[in-house]
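This report refers to the structure that appears directly beneath it.
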Amino acid sequence: GAESDSSARYPPPRCHPGTRLKVLERCLHFIATCTGKQKIRWVVGFAGVGKSAIMQSVADSPNLPVTCHVCVFFSINGRDNGTKAIITLCYQLAVKSGPYRELIEGEVARDPSLLQSSMPVQFEKFIIEPFIHKSQLLNSPERILIIIDGLDECKNPRTQQELLRLISDFCITYPSSPLVWLIASRPESHITSIFARADVMPTYEKEEIQVDSDESRADVEKLLREKLKEIKGGSNSFDPHSNWPEEKDFLKLAEAAGGLFAYADTVTRYI
């Protein structure tokens, strides 16, 4: 249920049309142009700023400059077991790539216990060996995007750190790898401490989603205006020529929401 198109997440959060355009453009540009060790884009921001919507919109983008993409959308609502992250990603890769599937089937047939192995063992067998040591068997994939959303919602902070270490070490050790990583999280101290390490810093670019930036406020205001317009148009209680909501009331809502998409979404649902 952690995939981008899973029924367990339907309907998934997405960026409202016409919002977050600059953030999405920067993410897509990074995916298309990143080279060497710097293969991670860390999308970081506090709760409610719309990180998951951004990640979903990237996954859904028709302009995604990759051979294929796979996703894990963590959630405290039942999708928080980080030890399943690697096999969740690799299952999706196996579905999308025949050569990769053949490699993984061979490994699991030889040793079925791999499906219950530790994350480092699974990362070695399902990521490093196929994409580094046996890459010639994969028909030279150009670029593959791996999206990990809500890392902080994985229930064990140590698992979160271990996953980050595996990914960053991979980027450092194998800079010619075709894998690009898009990781979203809140700025929890145990996560920021990993990204602050001197050896990890060359592996990523940071995309900080500010709550009160002009860009965020403008996008939330656009969302509010269009949602309220939908409410008015879908109700028989209004004179279609009436001025609802009054501008002073709208400005109160916009000011209260600031740059928090979660606030705007909640208040329009309530109305």
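General observations
- Summed residue charge, Cβ within 11 Å of residue 120's Cβ, Lys/Arg positive, Asp/Glu negative: -1
- With both residues required to sit in the range 7-208, DSSP beta bridges show an antiparallel share near 5%.
- Using a cutoff of 8 angstrom between alpha carbon atoms and counting only pairs six or more residues apart, the relative contact order for the range 114-271 works out to 20 percent.
- CD proxy at 222 nm, helix term only [per DSSP H run n ≥ 4: -39500 (n - 2.57); per residue of the chain; nearest 500]: -13500 deg cm²/dmol
- Here the dipole of the range 7-208 is about 320 debye; that uses its Cα centre as origin and unit charges on the Cβ of Lys and Arg (positive) and Asp and Glu (negative).
- Cα lying deepest toward the dipole's positive end in the range 149-220, options 202, 157, 220, charges on Cβ: 157
- GNM flexibility winner over the chain from 162, 215, 142 (Cα, springs under 10 Å): 142
- Student exercise, the range 214-270 dipole from Lys, Arg, Asp, Glu Cβ charges, in Debye to nearest 20: 160 debye
- In the full protein context, the chain carries 51 Å² of accessible surface per residue, based on a 1.4 Å probe and ignoring ligands, DNA and RNA.
- Anchor residue 206: lysines whose Cα lies under 20 Å away (excluding residues fewer than 8 positions away in-chain): 22, 37, 39, 51
- Contact order relative to length of the chain, as percent, for alpha carbon pairs under 8 angstrom and 6 or more apart: 28 percent
- Alpha-carbon gyration tensor eigenvalues x 5, square-rooted, for the chain, Å: 39, 19, 17
- Cross-link partners of residue 252 among lysines, defined as those whose alpha carbon lies under 22 angstrom from its own and excluding same-chain residues fewer than eight positions apart: 222, 227, 229, 232.
- In this structure, the amide hydrogen of residue 148, modeled 1.01 Å from its nitrogen in the peptide plane, lies closer than 5 angstrom to those of 72, 182, 183, 184, counting only residues at least 5 positions away or on a different chain.
- Among 28, 151, 228: highest mean-square fluctuation, GNM of the chain, C-alpha pairs under 10 Å: 228
- For the range 113-151 and the range 231-271, distance of Cα centres in Å: 46 Å
- If you take the Cα centroid of the range 163-215 and the Cα centroid of the range 22-39, the two points sit 13 Å apart.
- Cβ-based net charge around residue 200, under 13 Å, with every Lys or Arg adding one and every Asp or Glu removing one: +2
- Surface share of carbon and sulfur [accessible, 1.4 angstrom probe, percent] for the range 214-270: 51 percent
The values are calculated or read from the model by the stated rules, or taken from the named source; none is laboratory data. Since we're looking at a predicted model, the values are computed, not measured. Virtual Cβ from ideal backbone geometry, glycine too; neighbours counted across all protein chains shown. In case anyone asks, the SASA skips ligands and DNA or RNA and just uses the protein heavy atoms, side chains included. Shrake-Rupley method; radii C 1.70, N 1.55, O 1.52, S 1.80 Å.
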